[in-house]
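Heads up, the thing below is written out as structure tokens.
The values are calculated or read from the model by the stated rules, or taken from the named source; none is laboratory data. Computed from a predicted model, the values in this text were never measured in an experiment. Because the Cβ atoms are built from the backbone with ideal geometry, glycine has one as well, and the counts that use them run over all protein chains shown. Note: areas computed on protein heavy atoms with side chains; ligands, DNA, RNA excluded. Shrake-Rupley method; radii C 1.70, N 1.55, O 1.52, S 1.80 Å.
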Amino acid sequence: MKDALPILPKGSRLVFFDEIDSTSEEARRIGQKLKAGDGALPIWIWALRQSKGRGRRGRTWVSETGNLFCTLLRACDTPPLVSAQLSFVAALAVIEALQESVPELAAQPERLEVKWPNDVLLDRRKVSGILLESFSSPSMPLLAIGIGINLISHPSCTLFPATDIKTAGLREPEPGSCLSALAASVERWSQRWRQEGFAPIRRAWLVRAAGLHGRLSVALPHETLEGTFADLSENGELLLEGEDGQQRVIAAGEVFFGV
Amino acid sequence: MKNDHKKNTKSDAFDHDVIRDLAGLLEETNLTEIEIEHEGLRVRVARHLSPAAPLPVVTALTPEQLALSPGHGSEAEPELVQHAGTITSPMVGTAYLAPKPGDPPFVKEGDRVTEGQTLMIIEAMKTMNPIPATRAGVVLKVLVPDGQPVEYGEPLLIIE
């Protein structure tokens, strides 16, 4: 059943590939061709392999068969600051999807955490990566939420240690069934976000936050900051408290623990 | 929490034989994609085509445009910040002047830009937000260096 298709929430479309350069690149191409009011969103784009999977700032996302590579293309009808909250929605959905598709994780939910803002960790190693990209099509503003989940393999020699479901000694789900759970979970959390705003998302995220109140370093493009992970702001920024008690608001950067 | 997706029956899903048949059909017919709909679920099977990436618009400068470039350094900046063509940051984040490290910048001072053209990217919470030109014109000044954290409303760039 390796290629069994996922079951998606009503109204979603699926675009499936054996292999594609990158599901997020495909999202961009589909987005450019969308016409206003053609009612075709949201679209899940799923590939068994990616030849040019990518991460943040041009990094490569190793994309071997057996892992999940997908992108959700949706309308982006909120200002950028608000749309960025979907980063946290997506992370919570990945956690929930893993708990649903891996029985052991349903029983041991504490093994899953989230590293600010949206890297899902299993036993403190990165098991999923999420990258959101907003862009404009001729007809409407769009948001592509790219999600990779390591089910049976993970890259070595990464800046932050990685893992996968199988290596962690768990029963790995098929990518398609993992996508079914993920799509349903994204739908549920998005609905909650639309109806109740960021507050419940922030609360649920904080419950899962790795390293909260602990020491962190945050790598920015030109400097590395150190401090205590004080809180998540009302907008989702990381609040890092320095030695001097001053809080710094961080909107982008790479987090490392235990400095 | 409800598990809505579990209410769906297996009959809602295509089995993988259908996909294989479609993929075979693609080969036979030389089509690039086939899309079918079945009980509300639509599936498209496509061959991988090489993407046609849009090329950045780069225009050679005319002397007139070059004359618009500021040549008088920092004392001009307070004035420039008030300029009607100032693009400000819609959020707190980090500004990137190029698509990825090592790439040429989206725009340089003196470049002619069209409305909607991407000028830079602001990253916040792992969301990449392209900042579009709000009008056509010439890039008079880029006000932030690459990789710089920016505040909400901070001037990023001026289009003349």
Using per-residue counts of other Cβ atoms within 10 Å, averaged over each peptide, order A:58-65, A:239-246, A:92-99 from highest down.
A:92-99, A:58-65, A:239-246
Taking 0.36 nm per residue of separation and subtracting the Cα-Cα distance, what length does fully extending A:Val62 through A:Thr158 add?
33.5 nm
Restraint check, A:Lys10/A:Lys52; A:Lys10/A:Lys33; A:Lys52/A:Lys126; A:Lys52/B:Lys108; A:Lys115/B:Lys100, Cα-Cα greater than 26 Å:
A:Lys10/A:Lys52; A:Lys52/B:Lys108
Just to check, using Stokes-Einstein with a Kirkwood Rh over alpha carbon pairs, what's the diffusion coefficient of segment A:211-257 at 37 °C and 0.692 mPa s in µm²/s?
315 µm²/s
Rounded percent of accessible protein surface that carbon and sulfur make up, segment A:13-207, 1.4 Å probe
52 percent
Net lengthening on full extension, A:Asp77/A:Arg49 (0.36 nm per residue, minus Cα-Cα):
7.0 nm
Cut-off 14 Å between beta-carbons: net charge of the residues surrounding B:Val113, Lys and Arg +1, Asp and Glu -1:
0
In Å², rounded to the nearest 100, what is the total accessible surface buried by chains A and B against each other with a 1.4 Å probe?
4200 Å²
With a Förster distance of 35 angstrom and the Cβ-Cβ distance between B:Ala84 and A:Arg124, calculated FRET efficiency to the nearest 0.05 equals 0.10
Excluding ligands, DNA and RNA, what is the solvent-accessible area per residue of chain A at a probe of 1.4 Å, expressed in Å²?
39 Å²
Let's test the formula: R0 of 35 Å, r as the Cβ-Cβ distance of A:Ala219 and A:Arg29. What FRET efficiency results, to the nearest 0.05?
0.65
Round to the nearest 0.05 the FRET efficiency obtained for A:Ala106 and B:Arg135 when R0 = 60 Å and r is the Cβ-Cβ distance.
0.65
Sulfur and carbon atoms: percent of accessible area, segment A:211-257 [1.4 Å]
44 percent
Using the Karplus curve 6.51 cos²θ - 1.76 cosθ + 1.60 with θ = phi - 60°, what ³J(HN,Hα) values do you get for each residue of segment A:243-258, in whole Hz, with x for Gly and Pro?
4, 7, x, 6, 9, 10, 8, 10, 9, 8, x, 10, 8, 10, 9, x
Equivalent-ellipsoid semi-axes (√(5λ), Cα gyration tensor) for segment A:25-64, whole Å, largest first?
25, 12, 7
What does the charge add up to near A:Arg59, with Lys and Arg as +1, Asp and Glu as -1, over the other residues with Cβ less than 11 Å from its Cβ?
+3
What's the angle, to the nearest 10 degrees (0 to 90), between helix A:199-208's Cα axis and the longest principal axis of chain A?
70 degrees
Here the gain from full extension of A:Glu19 to A:Arg194, 0.36 nm per residue of separation minus their alpha-carbon distance, amounts to 59.7 nm
